[in-house]
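Heads up: the structure comes next, in structure tokens.
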Amino acid sequence: AQSVTQPDIHITVSEGASLELRCNYSYGATPYLFWYVQSPGQGLQLLLKYFSGDTLVQGIKGFEAEFKRSQSSFNLRKPSVHWSDAAEYFCAVGPLLSGGYNKLIFGAGTRLAVHP
Amino acid sequence: DGGITQSPKYLFRKEGQNVTLSCEQNLNHDAMYWYRQDPGQGLRLIYYSQIVNDFQKGDIAEGYSVSREKKESFPLTVTSAQKNPTAFYLCASTSRDIQYFGAGTRLSVL
């Protein structure tokens, strides 16, 4: 069965420190992979996506992620965290359907806290 | 500005009552989705719709109903059969395999 695992429920880092959020997936075909960010009480905002090609993808707000097929992973990284990065981060995999629409499977999320 | 508008932001349901959450998009997207979010569980798919007058059950459709009479609108009704409706509900629509989300509706039980 398809699934997404985010092993870390909570992570705390100091402002200016580097960040890596882990994501592992189980998927039968070549996946489409996404990272979304959610501020408290808000919807989800797309940070970056991987469909094909270069396995290192750049996103908004200085984030990047690397697709490693051999490890079934799509970890999110940022070299220097800002206090405004405190939020919940979701990894997602898809599509499961064809026809221009998709049915994403989301991980349970990682809540990031940033210490000043 | 194009986007997805969910209303109301907060909603309270009395026992035995049906309530309807609104989702409107002006992005001209064909596909729309409803998710339920509970703490520590990520997002779970309730219903999705690819075109007008067509919709499919997701993973947790019991106790919910939807309609898609217009391309722009995809309202979700939480019926009295949903015994644990307290959650954050998110609507999304799709363009080129990317899902875009509204700001959500938080539903609580009185």
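Each reported figure results from applying straightforward, stated rules to the coordinates on display, with no laboratory input. What you see is a predicted model, and the numbers here were worked out from it, not measured in a lab. Glycine also receives a Cβ, built like all others from the backbone with ideal geometry; neighbour counts cover every protein chain displayed.
Largest mean-square fluctuation among A:SER14, A:SER52, A:SER70, in a Gaussian network model of chain A whose springs join Cα atoms under 10 Å apart, belongs to A:SER70.
Oblate is the label for region A:40-109. Its Cα gyration tensor axes, ordered a ≥ b ≥ c, give a/c of at least 1.5 and b/c at or above a/b.
The Cα-based radius of gyration of the protein assembly as shown, divided by its Kirkwood radius, gives an Rg/Rh of 0.97.
Assuming R0 = 35 Å, can you tell me the calculated FRET efficiency for the pair B:ASP59 and A:SER70, based on Cβ-Cβ distance, to the nearest 0.05? Write down the numbers at each step before the final one.
Working: r = 29 Å, r/R0 = 0.84.
Efficiency computed from Cβ-Cβ geometry: 0.75.
Across chain B, Cα pairs under 8 Å and at least six residues apart give a relative contact order of 35 percent.
The fraction of all Cα pairs in chain B landing in successive 10 Å bins from 0 to the largest distance is 16, 52, 29, 4, 0, given as whole percents. Here chain B is treated with +1 on each Lys and Arg Cβ and -1 on each Asp and Glu Cβ, and its dipole about the Cα centre works out to around 280 debye. Would you mind checking B:LYS9/B:LYS83; A:LYS103/B:LYS70; A:LYS49/A:LYS78; A:LYS49/B:LYS9; A:LYS68/B:LYS71; B:LYS57/B:LYS83 for any pair whose Cα atoms are more than 26 angstrom apart? Long pairs (Cα-Cα over 26 Å): A:LYS49/B:LYS9; A:LYS68/B:LYS71.
Above 16 angstrom, tally the Cα pairs of region B:48-103 and express them as a % of all pairs, no decimals.
Details: 745 of 1540 pairs.
When all Cα pairs of region B:48-103 are counted, 48 percent exceed 16 Å.
Rounded to the nearest 5, the antiparallel percentage of DSSP beta bridges internal to chain A is 85%.
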